[in-house]
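Trainee: Sharing a structure here in structure tokens format.
The values are calculated or read from the model by the stated rules, or taken from the named source; none is laboratory data. Everything numeric in this text was worked out from a predicted model, so none of it was measured. Cβ placement follows ideal geometry from the backbone for every residue including glycine, while neighbour counts extend to all protein chains displayed.
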Amino acid sequence: MRIKKVIKKEKGFVILFAITISSILLAIAIGVSNIALKEMKFGTLARNTNDAFFAADTGVECALFSDKPPTSVFVLAGGTDIQCLGNTITMSGSFPSWSFIISGLGSEGQSCAIVSVVKTTGLTSTSTTVTSKGYNTGDTYCNSRGGERTEREIETNY
Amino acid sequence: MQKLFEKFNKKKHAGFTLIETLVAVSIFSLSILALLVVLTQGIANNNYAKKKIIAGYLAQEGIEYIRNMRDTFVLYPDNADTPTGWVDFKAYLVAASCDIGAGCYYNADTLFSIAPPKPIAKTPFYPCVVSCPNIMYKDDSGEYGYSIGSLSADSGYSRKIEVRIIGENEVEIFSTVSWAQGSGTYSMTFSEDLFNWI
């Protein structure tokens with residue numbers, strides 16, 4: 001009877017010990033993988049940021065080129081088409097504000113930008129504001145393809 | 001009878017403890033195994049993320065360098081009366097075979113010893129015949145370059161500049177940084193279109 005009592009007293013100790021140790025180790029593992037996941041997200045974000053920024057910059061460059069005299073389209077009764085990326089892009093709007101979308105940017109043609117050009121006519125001079133919103137991913141209308149996407153906006157005044 | 005029962009009971013308990021120990025050991029080993037797998041994977045992913053971020057900055061530098069060259073060429077033409085900066089800029093990239101095959105790379109390390117004006121427009125460009133050479137890395141200064149002294153070591157990154165002439169007034173620049181890690185080769189590419197708008 002006494003032997004039985006002793007065994008009963010220590011019953012389940014090893015399993016408790018093992019589960020405690022495993023829980024601690026698993027907590028460490030989860031912590032490490034959490035850090036790794038965050039780092040991966042950060043790395044991907046760094047790429048998305050640049051894709052979006054370069055898309056926005058290409059949009060600004062395209063607008064600035066189309067506004068280069070003497071063939072600027074951003075004038076009263078100017079054309080509605082601009083030549084960028086080797087294509088003819090049709091703009092919407094007319095004097096004094098226009099907007100257009102360029103897509104197929106980035107290394108895999110996945111980025112796009114929405115560009116708007118606004119002319120403000122003053123007494124002695126005309127000022128221009130070019131606003132370009134670049135996205136790391138988007139379709140031909142620069143709509144999101146679902147999921148997260150990064151936007152970078154560049155505004156140019158002259 | 002009592003003795004026999006006690007003996008039987010003791011035996012039963014001894015067997016139970018063995019199973020219990022086995023279960024405990026297996027749970028313990030499983031968690032150690034899981035920990036090892038997750039740790040290895042986590043460290044590998046951390047290294048990949050680190051390399052990816054550095055590659056991103058190197059690729060970004062490639063785009064920005066070419067962009068700065070465009071600005072310098074166009075803003076400071078050789079002959080101010082008949083500015084041919086844009087044409088010269090395109091010709092400079094084409095001369096280094098940036099527009100064909102394996103692309104090209106530039107070495108900006110001797111930039112400060114090039115006589116002014118506009119040393120950046122005289123940056124030496126070389127075609128990548130088969131593959132672009134690896135960039136060297138100097139540990140004490142954190143510097144990346146091709147000829148940065150004897151203290152530098154291979155960084156494992158190579159940068160390729162590719163140029164696509166889209167029209168008379170537009171070029172598309174690709175900057176690809178590749179690196180090998182583990183058993184695979186990874187790369188990071190950025191691209192931008194430059195226009196003759198200045």
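Trainee: Suppose we filter the stretch A:27-63 for residues that are among the aliphatic types (A, V, I, L, M) and more than 8 Å from chain B (Cβ to nearest Cβ); how many remain? Quick ask: steps written out before the conclusion?
Mentor: In the first step, residues of the stretch A:27-63 are kept if they are among the aliphatic types (A, V, I, L, M); the result is A:27-30, A:32, A:35-37, A:40, A:45-46, A:52, A:55-56, A:60, A:63.
Still in the list and also more than 8 Å from chain B (Cβ to nearest Cβ): A:27, A:45, A:52, A:55-56, A:60, A:63.
Counting residues in the stretch A:27-63 that are among the aliphatic types (A, V, I, L, M) and more than 8 Å from chain B (Cβ to nearest Cβ) gives 7.
Trainee: Please work out which one of (1) over 18 Å from B:Met69 (Cα atoms); (2) modelled with pLDDT of 90 or more is the condition B:Ile161 fails and give its number.
Mentor: (1)
Trainee: Then there is this: Would the stretch B:109-124 turn up any residue that is touching a Pro at 6+ places or on another chain (Cβ under 7 Å), under 26 Å from A:Phe53 (Cβ atoms) and surrounded by fewer than 19 Cβ atoms within 10 Å (Cβ to Cβ)? Steps first, please.
Mentor: Initial filter on the stretch B:109-124 (touching a Pro at 6+ places or on another chain (Cβ under 7 Å)): B:111.
Going one step further and asking which of them are under 26 Å from A:Phe53 (Cβ atoms), we end up with B:111.
Now narrow it down to the ones that are surrounded by fewer than 19 Cβ atoms within 10 Å (Cβ to Cβ): B:111.
The answer is yes, given that some residue of the stretch B:109-124 is touching a Pro at 6+ places or on another chain (Cβ under 7 Å), under 26 Å from A:Phe53 (Cβ atoms) and surrounded by fewer than 19 Cβ atoms within 10 Å (Cβ to Cβ).
Trainee: Please find, among A:Ile35, A:Ile24, A:Ile15, A:Ile30, the residue that is modelled with pLDDT under 85 and in a helix (DSSP H, G or I).
Mentor: A:Ile15
Trainee: For the stretch A:94-104, does any single residue satisfy the condition of being loosely packed, with under 14 Cβ neighbours inside 10 Å and closer than 23 Å to A:Leu76 by Cβ?
Mentor: Checked the stretch A:94-104: at least one residue is loosely packed, with under 14 Cβ neighbours inside 10 Å and closer than 23 Å to A:Leu76 by Cβ.
Trainee: Name the strands (runs of 3 or more DSSP E) wholly within the stretch B:67-177 that hold at least 2 residues that are more than 30 Å from A:Glu108 (Cα to Cα) and in contact with a helix residue (DSSP H, G or I) (Cβ under 9 Å, 6 or more places away or on another chain)?
Mentor: Details: elements: B:104-106, B:125-127, B:134-138, B:143-145, B:153-167.
Correct list: empty, since no element meets the threshold.
Trainee: Right, next: If I ask for residues that are farther than 14 Å from A:Phe17 by Cβ and modelled with pLDDT of 55 or more, which ones from the stretch B:10-25 would you list?
Mentor: Kept after step one, since they are farther than 14 Å from A:Phe17 by Cβ, are these residues of the stretch B:10-25: B:10-16, B:18-19, B:22.
B:Gly15, B:Phe16, B:Leu18, B:Ile19, B:Leu22, listed by residue number.
Trainee: While we're looking at this one, here's another question. Looking at A:Thr49, is it at pLDDT below 95 and either more than 24 Å from the chain's Cα centre (by Cα) or part of a loop (DSSP other than H, G, I, E, B) (or both)? Can you show your working first?
Mentor: Working: at pLDDT below 95: yes; either more than 24 Å from the chain's Cα centre (by Cα) or part of a loop (DSSP other than H, G, I, E, B) (or both): no.
It is false that A:Thr49 is at pLDDT below 95 and either more than 24 Å from the chain's Cα centre (by Cα) or part of a loop (DSSP other than H, G, I, E, B) (or both).
Trainee: Same structure again: Evaluate the following for A:Cys112: is it within 17 Å of the chain's Cα centre (by Cα), outside any loop (DSSP other than H, G, I, E, B) and crowded, with 22+ Cβ neighbours inside 10 Å? Can you show your working first?
Mentor: Details: within 17 Å of the chain's Cα centre (by Cα): yes; outside any loop (DSSP other than H, G, I, E, B): yes; crowded, with 22+ Cβ neighbours inside 10 Å: yes.
It is true that A:Cys112 is within 17 Å of the chain's Cα centre (by Cα), outside any loop (DSSP other than H, G, I, E, B) and crowded, with 22+ Cβ neighbours inside 10 Å.
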